[in-house]
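Structure, as structure tokens:
The values are calculated or read from the model by the stated rules, or taken from the named source; none is laboratory data. Predicted model only: the values in this text are computed from it and were never measured. We place every Cβ from the backbone using ideal geometry, glycine too, and count neighbours over all the protein chains shown. All accessible areas refer to the heavy atoms of the entire protein, side chains included, with ligands and DNA or RNA removed. Shrake-Rupley method; radii C 1.70, N 1.55, O 1.52, S 1.80 Å.
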Amino acid sequence: MARAILATRLIFLVSGIGMAAWAPMVPYAKARLGLDEAQLGLLLLAFGGGSMASMPLVGWLTHRFGSRRVIGVGGLLLCLALPLLATAPGVASLAFGLAYFGAALGAVDVAMNAHAVEVERRDGRPLMSGFHGLFSIGGLGGAAGMSLLLALGLPLATAAVAISLLLAIVVASQWPRLLDGTGETAGRAAALGMPRGVVLLLGLLCFVSFLAEGAMLDWSAVFLREFRGFPAASAGIGYAAFSVAMALGRLSGDRVVARYGPVWTVRIGACIAAAGFLLASTLAWPGAALLGFVLVGLGAANIVPVMFGAAGRLPGTSPGVAIATVTTLGYAGLLSGPALIGFLAQASSLAVALAAVAGLLLLTAASARLVRP
């Protein structure tokens, strides 16, 4: 199992690097095509649309052909996306590239989580948080690595090809080490149908968790700059603090789950994240906001991994289909959540909107029994 565990960790790392490497490329695409903010915002919806469109299909493909095959094919297709995005000559080609990028990432996301559930089941100990920790590290490394290559003077297309070749080498080398087929997992799944019941409830809880992450991504810098007096050049430190805290929380999360169990991990984590949002939104001291964002990262770190693990263990349901459902609903929260927060902030204030996210996290804590083994 050690080989399969290491291979799964590296696939999560690849997914994180691949997703985050796009972030430093965004200003280049905006300048190359002469886009304004509104046009760029609309184009970026293609990424989320591609992800959400692919996930239900990938759930069925994972159930039908096994997560190993989907990871291999999806991972190699993902490697083609960055050069495509770096060289897209027009708006239509960039929109297609973003939709393709989102679909490939969505495929790898669903399949690798289904595979992780099976690896965890066979090994007999909590592993899911650690896998997601490698995804977080990949996110930090992907953005930093692409930025470094560009700072060294490499052309954008060359930097994109370099990152893609690295990812392709990792995927090709680890593919043979992944578990072959779905075997027992597929055998214990009932006939496929529309997801319902506990699967949808877990999906709604993932919606809240991803909404909280989206709030940090899109609103933390705005909040620090406009409400806590941070200069524009350093307002991004809030999201950096959140990201590092989340990575550290996930890397230690398997030990937390092993000691306290999944129910209390979600319950305590959601309460800590809620406390972080309340601390940041109610105390005017700038340091309190940063501390609050750290608490959000630590508290939210293991909620989604535990939810995915719970979905993959549901009896009578294909793990691939269940994980596809909760992932799709989670991405819906990531994509629509920041807009919902914006509407609420417009009607009241951004501080009130962030406090409302805390309320949703407390509802997640109250619903933690859904993840019991």
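See the values below:
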{"item": "Check on Leu140, open to solvent by 60 Å² or more (accessible area, probe 1.4 Å), hydrophobic (A, V, I, L, M, F, W, C), in contact (Cβ under 8 Å) with a residue 40 or more places away in the chain and assigned by the TED database to the domain that holds Leu61", "result": "yes"}
{"item": "Filter result (aromatic (Phe, Trp, Tyr) and at pLDDT 90 or above) within the range 1-52", "result": "Phe12"}
{"item": "Failed item in (1) open to solvent by 10 Å² or more (accessible area, probe 1.4 Å); (2) modelled with pLDDT under 90; (3) part of a helix (DSSP H, G or I); (4) aliphatic (A, V, I, L, M), with Leu134 passing the rest", "result": "(2)"}
{"item": "Members of the range 269-284 found to be of a type outside the set (Gly, Ala, Ser) and either open to solvent by less than 50 Å² (accessible area, probe 1.4 Å) or touching a residue at least 40 places away in the same chain (Cβ under 8 Å) (or both), listed by number", "result": "Cys271, Phe277, Leu278, Leu279, Thr282"}
{"item": "Filter result for the condition that a residue is within 25 Å of Leu224 (Cβ to Cβ) and assigned to a helix (DSSP H, G or I), over Gly330, Gly320, Gly309, Gly299", "result": "Gly299"}
{"item": "Tabulated pairs, the range 62-74, first touching a residue at least 60 places away in the same chain (Cβ under 8 Å), second among the charged types (D, E, K, R), C-beta under 8 angstrom, 6+ apart or interchain", "result": "Gly66/Asp180; Ser67/Glu118; Arg68/Asp180"}
{"item": "Filter pass, Gly66 being open to solvent by less than 20 Å² (accessible area, probe 1.4 Å), out of contact with any strand residue (DSSP E or B) (no Cβ under 9 Å at 6 or more places or on another chain) and at pLDDT below 90", "result": "yes"}
{"item": "Unique residue being within 29 Å of Pro262 (Cα to Cα) and either touching a Cys at 6+ places or on another chain (Cβ under 6 Å) or among the aromatic types (Phe, Trp, Tyr) (or both) when the list is Phe96, Phe135", "result": "Phe135"}
{"item": "Filter result (touching a Gly at 6+ places or on another chain (Cβ under 6 Å), surrounded by 24 or more Cβ atoms within 10 Å (Cβ to Cβ) and of a type in the set (A, V, I, L, M)) within the range 216-239", "result": "Leu224"}
{"item": "Criterion: buried (at least 21 other Cβ atoms within 10 Å of the Cβ), part of a helix (DSSP H, G or I) and either free of Cβ contacts under 8 Å to residues at least 12 places away in the same chain or touching a Leu at 6+ places or on another chain (Cβ under 7 Å) (or both) - qualifying residue of Ile5, Ile17, Ile11", "result": "Ile17"}
{"item": "Qualifying positions in the range 285-306 - more than 15 Å from Thr265 (Cα to Cα) and open to solvent by 40 Å² or more (accessible area, probe 1.4 Å)", "result": "Trp285, Pro286, Leu290, Leu291, Val294"}
{"item": "Unique match (being of a type in the set (A, V, I, L, M, F, W, C) and either closer than 30 Å to Arg369 by Cα or within 19 Å of the chain's Cα centre (by Cα) (or both)) among Ala241, Ala232", "result": "Ala241"}
{"item": "Total residues in the range 320-354, condition more than 30 Å from Val119 (Cα to Cα), open to solvent by 10 Å² or more (accessible area, probe 1.4 Å) and at pLDDT below 85", "result": "3"}
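Residue-wise test of (1) open to solvent by less than 40 Å² (accessible area, probe 1.4 Å); (2) part of a loop (DSSP other than H, G, I, E, B).
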{"position": "Val119", "(1), (2)": "yes, no"}
{"position": "Met146", "(1), (2)": "yes, no"}
{"position": "Gly153", "(1), (2)": "no, yes"}
{"position": "Ala160", "(1), (2)": "yes, no"}
{"position": "Ile169", "(1), (2)": "no, no"}
